[in-house]
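These notes are about the structure you will find just below.
The values are calculated or read from the model by the stated rules, or taken from the named source; none is laboratory data. Since the structure is predicted, the reported quantities are computational estimates derived from the model, not experimental observations. Every residue, glycine among them, receives a Cβ derived from its backbone with ideal geometry; neighbour counts consider all protein chains shown.
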Amino acid sequence: MDRIKLLCDISELNHLFRESVSIESFLHETVRMVTHHLKTEVCSIYLYDEDDSLLVMKATEGLNPDSVDQVKMKYGEGLTGLALKEMRPICVSRASKHPNYKLFVGTDEEQYDNFLAVPITRGPARIGVLTLQRKKKKKFEEEDVMACRAVASQLANIIENAKFLMSMHQAHAPVEPVEQTRSIPTGLEFVRGKTAAEGFALGPAHVVDKEKTFDALYESRYDQAYTLEQFDQAVKATEIQLEDLQGQVEEKLTDAASLIFASHLLILKDKEFVGTMRRLIEEGENPPVAALKMARQYIDLFRRSANVYVREKVQDVEDLIVRLIGNLVQEYEKLGDFKGRVVIARDLFPSDLLRMSSENVAGAVLVAGGVTSHIAILARSLQIPMVIANNYDLLHIPDDTQILLDADTGNVYVDPSNEVIASFQKRNTDRLSIKDQIAGMKSQTRTADGTRIRLLANINLLSDLSIAEQLKCEGVGLYRTEFPFIIRNDFPSEQEQYFTYRRLVLGMKNKPITFRTLDIGGDKVLSYYNNAHEQNPGMGMRSIRFSLQNRRIFTQQLRAMLRAGINADMRIMFPMIASTDDFRQARKALTEAMASLDQEGIPYFPSPKVGIMVELPSVVHMIHELAAEADFFSIGTNDFIQFLLGVDRTNETVAGFYIPHHPAVLRAIKLVIDAAQKRDKEVSVCGDMAHQSEYIPLLLGLGIRTLSLDPSYLPRVQKLMEQLEIQQTRRLAEQALAADTTEQVASLLGIRQTGS
Ligand code: PEP
Ligand code: MG
């Protein structure tokens, strides 16, 4: 067990990565590490060159070191080629007898007849193969295969980058910089947006438009001449910063600890990259200019690539150079750093937000996206105040302009006066500290008339757990298991998922936990899963459809949940169920996962309650059948509203049509609650409506007694509950259900209608 745990632990690989001086040495250290932990004689890494359809040995421990770069095999050739072609591990105990066996004379491999090859893949992309060989006595076991898969999955991203960089080491024609003009500053004073993640931030603006920053560096004249020594110091400083940041991400977010800064570090470790810069400097070029020249060559090459993934690397090179020059030229010191800043961006990837969080960004304003989009949900988990404001002019604000972000109300103040700042700072200090909020929480929530209400927490990352626990949540009503999947570079293995889930179970100390199976697709994109381009991903191959179509991934997840749920009150819930058929198929997958664990003698929790997320309108018309079969319902209002009303939840321009109090939404919710109550099944709400004070009385009046919400809202919602009388909420719900228009409901609830 120990060796698997060890190999699943990203920190060891990361440590190796940090210690290596070059890509080649990293690969070499990796094969040494695997040889050591798996007690094998040989470990080698082969990289796949798609252009020539060749697998080339790039590192070996145990075989003749002269074989590196010399041993090459065609796609599908030998057992190694077969593993890559069929994208599956090949494990044989008498390799020389296998029809695909191919001996490479001079490698000294004939003495090792036990053979294991595991493909290194990133989604559908074939990157290379990790092979292990042993002498006759000791066969490879299932644990070895699992451990190798874990290593291969962790290595995929680094190796894919390494492979690309290695293939680029040819002379490149220098590319002349293109003249660009800077954006024109505009004078915005106040912008009204929507709250995506609450909080308050005051800090200089940082408009995330990486090209702009990079081009500004290009235009600079660099009057001061720098030395080679100063350049080397700047490289070292950059390396240390990147390693620190990676360390912080790992510490903060153990479940999501992908090597976010890996590609930056890798480029920096690429001998050719820094080496050419040094050569240029030795020939008399000023270091910042040398760095930019070299970067431009890489960027140009990356941009021309047909591979989207390679094109994305442009950003990494730009980021890295901005950071490097920032470390060299004092004037630009702050460029690569988000500390204390309010970021303004068109849109951000989850990995961008994680990086910003590790650099202690003060807040963020996005000019696209919706408040229930997943970047907003992640911002709440990372406690980064965020506003979504549909105003593209914000992108033209000059960097360093002071921004006051009142993410409680969604207001953005650009270059605010001293009075505005003073009044917000006062409000901010008056805010109840988290300590006070914890102290004020009761372990049970009741309405004014004593009706018991259960408040559960929505958990996205394990880092949400501690605050949820401290705020006395009564369990986890929704664990969005996809977040670790979104942030990482490849599908986490069953074992990695098990570790994450088990930590959640232990952290919740016997309270109920509802695991939602993978809900990817829509705005939850996996960078490594190359789904065919979908015109309309919100209605595409997503969620339970994805799981049912990718049974191996689904089964691994279910097995990890069942194993983690031992001795816990665990439930499993399927997202985006559209029909009884979907539910039965998902349930069957669960039964099969249990059978496979039984067969292998692996202990697990045998009797989880199994529920359905109500998110699609079709479910409402099948609700009685589903209530007969499912153990519980959880209403995911974010998607339910989106699909009932046909309004994209991530599109700020149609936000005015996204109306939770639409009579159709309320009537549909009522039908779901009634069907559940008739069969005595639990029903809860876990979408954003569950924390919105204007809708909570209505939900109670409709019959909801369990809400699951982002932990930071727990104190406020508990307080509100204590003021409500069930009788009154019932009357309110009756009136709302009888209303003909959204306007009538809005006036009943005392809310101002916007948009439509
Ligand atoms: C929902 O749709 O309401 C929900 C809770 O799920 P998610 O926001 O993760 O799609
Ligand atoms: Mg949903």
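For the range 350-368, the set of residues classified as in a helix (DSSP H, G or I) and either without any contact (Cβ under 8 Å) to a residue 12 or more places away in the chain or over 19 Å from Arg323 (Cα atoms) (or both) consists of Pro350 only.
Among the residues of the range 638-656, the one identified as within 12 Å of ligand 1 (Cβ to nearest atom), in a loop (DSSP other than H, G, I, E, B) and not polar (S, T, N, Q) is Arg649.
Would you say Val129 is of a type in the set (Val, Ile, Thr), surrounded by fewer than 16 Cβ atoms within 10 Å (Cβ to Cβ) and either modelled with pLDDT of 85 or more or not in a strand (DSSP E or B) (or both)? Taking the combined requirement at face value, the residue does not satisfy it.
Quick check on Asp52: is it more than 29 Å from the chain's Cα centre (by Cα) and at positive phi? In short, no. Within the range 611-630, residues that are at positive phi reach no partner that is among the β-branched types (Val, Ile, Thr) and within 16 Å of ligand 1 (Cβ to nearest atom) with beta carbons closer than 7 Å at six or more positions or on different chains.
When you scan the range 247-254, do you find a residue that is within 30 Å of Tyr501 (Cα to Cα) and at pLDDT 75 or above, even just one? Yes, the range 247-254 contains at least one residue that is within 30 Å of Tyr501 (Cα to Cα) and at pLDDT 75 or above.
The set of residues in the range 429-459 being within 16 Å of ligand 1 (Cβ to nearest atom) and of a type in the set (Lys, Arg) is empty. Assessment of the range 623-633 against the conditions (within 16 Å of ligand 2 (Cβ to nearest atom) and part of a helix (DSSP H, G or I)) yields no matching residue.
For the range 569-584, name all the residues that are surrounded by 16 or more Cβ atoms within 10 Å (Cβ to Cβ) and in a helix (DSSP H, G or I).
Answer for the range 569-584, where residues must be surrounded by 16 or more Cβ atoms within 10 Å (Cβ to Cβ) and in a helix (DSSP H, G or I): Thr580, Asp582, Phe583.
Just one of the numbered conditions (1) without any contact (Cβ under 8 Å) to a residue 40 or more places away in the chain; (2) within 10 Å of ligand 1 (Cβ to nearest atom) is not true of Ile635: (1). So which residues in the range 552-584 are on the phi < 0 side of the Ramachandran plot, within 16 Å of ligand 2 (Cβ to nearest atom), of a type in the set (A, V, I, L, M) and touching an Asp or Glu at 6+ places or on another chain (Cβ under 7 Å), if there are any at all? Residues satisfying the conditions do not exist here. Taking into account only those residues within the range 462-481 that are closer than 22 Å to Glu251 by Cβ and crowded, with 22+ Cβ neighbours inside 10 Å, which is modelled with the lowest pLDDT? Out of the qualifying residues, it is Asp464. Please count how many residues of the range 597-618 are assigned to a helix (DSSP H, G or I) and either modelled with pLDDT under 95 or more than 29 Å from the chain's Cα centre (by Cα) (or both). Within the range 597-618, residues that are assigned to a helix (DSSP H, G or I) and either modelled with pLDDT under 95 or more than 29 Å from the chain's Cα centre (by Cα) (or both) number 4.
Within the range 593-632, the set of residues being closer than 24 Å to Leu707 by Cβ and within 16 Å of ligand 1 (Cβ to nearest atom) comprises Gly611, Ile612, Met613, Val614, Glu615, Leu616, Pro617, Val619, Val620, Phe632. Kindly indicate whether Val647 is under 30 Å from Val367 (Cα atoms) and within 15 Å of ligand 2 (Cβ to nearest atom). Yes: the conditions hold for Val647.
From the set of residues in the range 534-568 that are closer than 17 Å to Leu590 by Cα and in a loop (DSSP other than H, G, I, E, B), which is farthest from ligand 1 (Cβ to nearest atom)?
It comes out as Ile566.
Arg452 meets the stated requirement of being modelled with pLDDT of 85 or more and loosely packed, with under 14 Cβ neighbours inside 10 Å. Selection within the range 657-710: residues that are outside any helix (DSSP H, G or I) and charged (D, E, K, R). The member of this set that is farthest from Gln723 (Cα to Cα) is Arg679.
Residue count for the range 114-159, restricted to those that are free of Cβ contacts under 8 Å to residues at least 40 places away in the same chain, farther than 22 Å from Lys58 by Cα and under 26 Å from the mean Cα position of the chain (by Cα): 0.
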